[in-house]
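Structure, as structure tokens:
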Amino acid sequence: MNFYFEAAKVLDQLDAKKGSIKGIIGTLPEKDRKRTAALVIETLKFKPALSTIIKEAQLMKEERKKITSLNLALALVHDLLLAKGIQAGDGPIKQAVLRHKTRLSAELTKLKIKKGAKSTVDLAQAEDARVAQIPRYVRVNTALWSTDDAVSWYSSHGYTLSAPLLSERGFDKDEHIPDLLRFHPRVTFHEDECYKRGKIILQDKASCFPAVVLNPPVSEHAVVIDATAAPGNKTSHLSALMQGKGKLFAFERDRKRYQTLTRMLSKAGCKNVTPLNIDFLTIDPESEPYSAATHILLDPSCSGSGIVNRLDYLLDTEENDLQGEDDRLSKLAAFQLMMINHAMKFPRVQCIVYSTCSIHATENEHVVREALSGNPHFGMAPPEGVLSSWTRRGIPEECACPEHAQSMLRCMPGEDFTNGFFVSCFAKAAEPTAIEEPATTATASKRPREDDDGDAATKEAPKPSKKSKKKRKKKHQ
Ligand SMILES: C[S@@+](CC[C@H](N)C(=O)[O-])C[C@H]1O[C@@H](n2cnc3c(N)ncnc32)[C@H](O)[C@@H]1O
């Protein structure tokens with residue numbers, strides 16, 4: 001019976017919005033995880049149908065003393081009616097459910113007739129249609145091999161270069177992100193040899209934007225920070241873009257997630273990364289070696305409202321407490337702002353990319369607005385250097401100056417073949433005298449990469465767009 005109590009506990013936590021399905025299941029003891037996860041997911045799939053059946057059969061009313069929660073009843077009735085029966089010895093709880101077996105079965109039949117369901121499977125909740133539109137993105141880990149090698153490999157292993165959404169065996173190169181391949185959404189890679197060896201990283205397209213926009217220096221002198229690193233997809237991406245040169249400090253405050261990060265970085269063969277199980281906010285920006293950082297990636301915890309996946313559509317969103325949601329977003333936004341403010345204190349920092357997988361302006365444009373207003377020595381980077389080929393930019397009406405939106409990227413699930421995402425890029429303003437000078441660097445479309453050992457801090461960073469500096473100057477007068 002413990003197995004059912006465990007599943008009920010997970011369902012309780014999901015009801016209390018204590019995390020995503022994947023996240024909460026990940027905290028279960030490993031030995032029971034697979035079995036409990038399967039029961040939780042199946043129960044959620046049929047939750048509306050099972051709830052109706054339990055209510056109509058008056059199970060909770062009549063067995064209130066034995067079956068103490070609806071979630072326990074859902075898990076038990078799932079197995080009784082939709083699986084191979086209740087997997088437990090003959091205890092009082094099992095007996096309590098079995099006493100109602102005939103009534104419960106009759107309610108199941110009634111519901112199928114009412115819903116016009118040909119089989120029980122038709123009573124399951126429909127999947128989020130947006131998931132089926134997102135290709136399976138595969139980032140080639142260029143620390144270990146090249147994209148040409150990867151294309152040859154998959155071409156000789158049953159795949160053909162063609163539009164991936166047309167055929168399960170098709171794949172192609174993404175048009176916006178270098179070294180990113182797209183496969184059919186139903187292709188899985190967990191047993192793939194290249195995946196197991198770290199040669200490919202399974203990373204949504206939108207989540208590849210931040211490292212590309214930060215465009216870290218390629219130099220033995222480079223010092224870059226990933227302030228919120230685990231599980232490490234963006235860290236390994238940055239490391240690959242830096243061609244393993246210079247130093248990349250990857251902070252992660254959570255102990256368990258830090259362990260995942262270190263495993264990931266070693267599998268991906270990242271040579272220039274120092275993972276640190278330290279809260280980024282506790283780092284003194286003036287302290288060595290961090291004070292030398294010129295580029296910082298900030299991808300802090302967020303509401304995750306942009307993520308569409310194969311499971312979370314199962315969670316009941318209708319009962320969302322809007323007031324509670326607003327409070328949660330405000331708290332997250334305050335934390336996100338604190339992280340940006342801290343990043344802006346690093347004395348040599350030139351470029352900060354702030355990203356979230358949220359679609360809410362509260363965590364995105366509004367946080368950027370606040371950061372700019374509290375840090376007049378920073379502006380928005382010129383839009384030309386912020387993945388100019390991507391047309392969906394920030395929301396102008398949510399920004400302090402509408403043109404700031406041009407230095408931000410947004411992705412909309414269901415429209416852009418990605419999860420929902422937000423990226424913004426701050427650049428440190430030049431010394432005051434430079435503001436009035438004709439800007440030569442401000443409109444550079446792409447900062448050059450350097451392969452020599454030059455001083456990355458002075459050569460690589462974008463200057464804020466002139467327009468945005470002038471506007472802000474006015475605003476702060
Ligand atoms: C959205 S996740 C980062 C995902 C990561 N960038 C990737 O692409 O794989 C945010 C991470 O930041 C960590 N975090 C939150 N606050 C932090 C802080 N003050 N210092 C360091 N890490 C922090 C969280 O524990 C979490 O692992």
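Overview of values
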| item | result |
| --- | --- |
| Helix axis angle, 30-45 relative to the chain longest principal axis, alpha carbon, degrees | 80 degrees |
| Region 181-329: C-alpha gyration tensor shape, a/c 1.5 cut-off, then a/b vs b/c | oblate |
| Nearest-ten-degree value, helix 365-374 long axis tilted from longest Cα axis of the chain | 40 degrees |
| Where a label projected 7 Å from the Cα of Lys101 along Cα→Cβ would reach, residues of region 45-83 with amide N under 11 Å | 80-81 |
| Contact order relative to length of region 131-202, as percent, for alpha carbon pairs under 8 angstrom and 6 or more apart | 41 percent |
| DSSP beta bridges in the chain [antiparallel fraction, %, rounded to 5] | 60 percent |
| Above-threshold pairs, the threshold being 28 Å between Cα atoms, out of Lys9/Lys115; Lys31/Lys256; Lys31/Lys94; Lys34/Lys331; Lys47/Lys173; Lys9/Lys45 | Lys9/Lys115; Lys34/Lys331; Lys47/Lys173 |
| Cα-based helix-to-principal-axis angle, 255-267 vs the chain, degrees rounded to 10 | 70 degrees |
| For region 224-296: rounded, prolate or oblate by the Cα gyration tensor [a/c cutoff 1.5] | oblate |
| Sequence of His184, His100, His157, His78 once ranked by neighbouring C-beta atoms within 10 Å, starting from the fewest | His157, His184, His100, His78 |
| Length released on extending from Asn277 to Leu166, taking residue separation times 0.36 nm less the Cα-Cα span | 35.6 nm |
| Trypsin sites (Lys or Arg not before Pro) within region 167-243: DSSP coil, no more than 13 neighbouring Cβ in 10 Å | Arg186 |
| Centroid-to-centroid separation of region 215-246 and region 384-413 [C-alpha atoms, Å] | 24 Å |
| Helical mean residue ellipticity (222 nm; -39500 (n - 2.57) per DSSP H run of 4+; nearest 500) of the chain | -10500 deg cm²/dmol |
| Amide H contacts of Phe378 (H built 1.01 Å from N, under 5 Å, at least 5 apart or other chain) | Ala429 |
| Nonlocal amide H pairs with Asp174, under 5 Å, H built at 1.01 Å | Leu180, Leu181, Arg182 |
| Amide proton proximity set for Lys247, modelled H, under 5 Å, gap of 5+ | Ala222, Val223, Val224 |
| Overall form of the chain per C-alpha gyration tensor (a/c, 1.5; a/b vs b/c) | prolate |
| For Asp284, Asp226, order by how many other beta-carbon atoms lie within 10 Å, fewest first | Asp284, Asp226 |
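Coordinate-derived values only; no laboratory data. Since the structure is predicted, the reported quantities are computational estimates derived from the model, not experimental observations. We place every Cβ from the backbone using ideal geometry, glycine too, and count neighbours over all the protein chains shown.
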